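Below is one structure, written out as structure tokens; comments come after it.
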Amino acid sequence: MLICRHCNEPVRVNKDQYIVFEQMHWLCFHLVFEHKGDADEPCGDVACPWYHIAVFRQKLEELGHDLQEVLGDAILRRWNL
């Protein structure tokens with residue numbers, strides 16, 4: 001089993017890139033080596049997940065969707081909460 005040297009959790013999704021990402025999850029690698037600035041805000045990397053979230057949030061708002069309702073529906077479908 002491959003273990004991330006940053007967070008000590010198993011690496012499953014990007015196992016084939018384990019060495020490339022310095023024995024880390026891609027996200028851990030991104031936050032440690034690539035992400036500049038506040039780790040809770042999008043950085044200049046187009047692959048940054050926080051940037052993707054910001055893009056999706058903006059598009060949902062443009063389409064007139066309520067963000068909390070969209071998330072609530074997703075949580076209900078996944079966990080029946």
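The values are calculated or read from the model by the stated rules, or taken from the named source; none is laboratory data. In this text, all values refer to a predicted model and were calculated from it rather than measured experimentally. Here Cβ is always computed from backbone atoms with ideal geometry, including for glycine, and neighbour counts include all displayed protein chains. Each accessible area value is taken on the protein alone, full model and side chains, heavy atoms only, with ligands, DNA and RNA left out. Shrake-Rupley method; radii C 1.70, N 1.55, O 1.52, S 1.80 Å.
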Near pairs, Cβ below 9 angstrom, 6+ apart or cross-chain, from region 20-48 (basic (Lys, Arg)) to any residue that is surrounded by 11 or more Cβ atoms within 10 Å (Cβ to Cβ) and in a loop (DSSP other than H, G, I, E, B): Lys36/Cys43; Lys36/Asp45
Enumeration of residues in region 1-19 that are free of Cβ contacts under 8 Å to residues at least 12 places away in the same chain and either within 23 Å of Ile53 (Cα to Cα) or of a type in the set (S, T, N, Q) (or both): Asn8, Arg12, Gln17
Checking Arg57 against (1) free of Cβ contacts under 8 Å to residues at least 12 places away in the same chain; (2) surrounded by 11 or more Cβ atoms within 10 Å (Cβ to Cβ); (3) under 13 Å from the mean Cα position of the chain (by Cα), the condition it does not meet: (3)
Members of region 1-34 that are over 18 Å from Ala47 (Cα atoms), among the aliphatic types (A, V, I, L, M) and open to solvent by 70 Å² or more (accessible area, probe 1.4 Å): Met1, Ile19
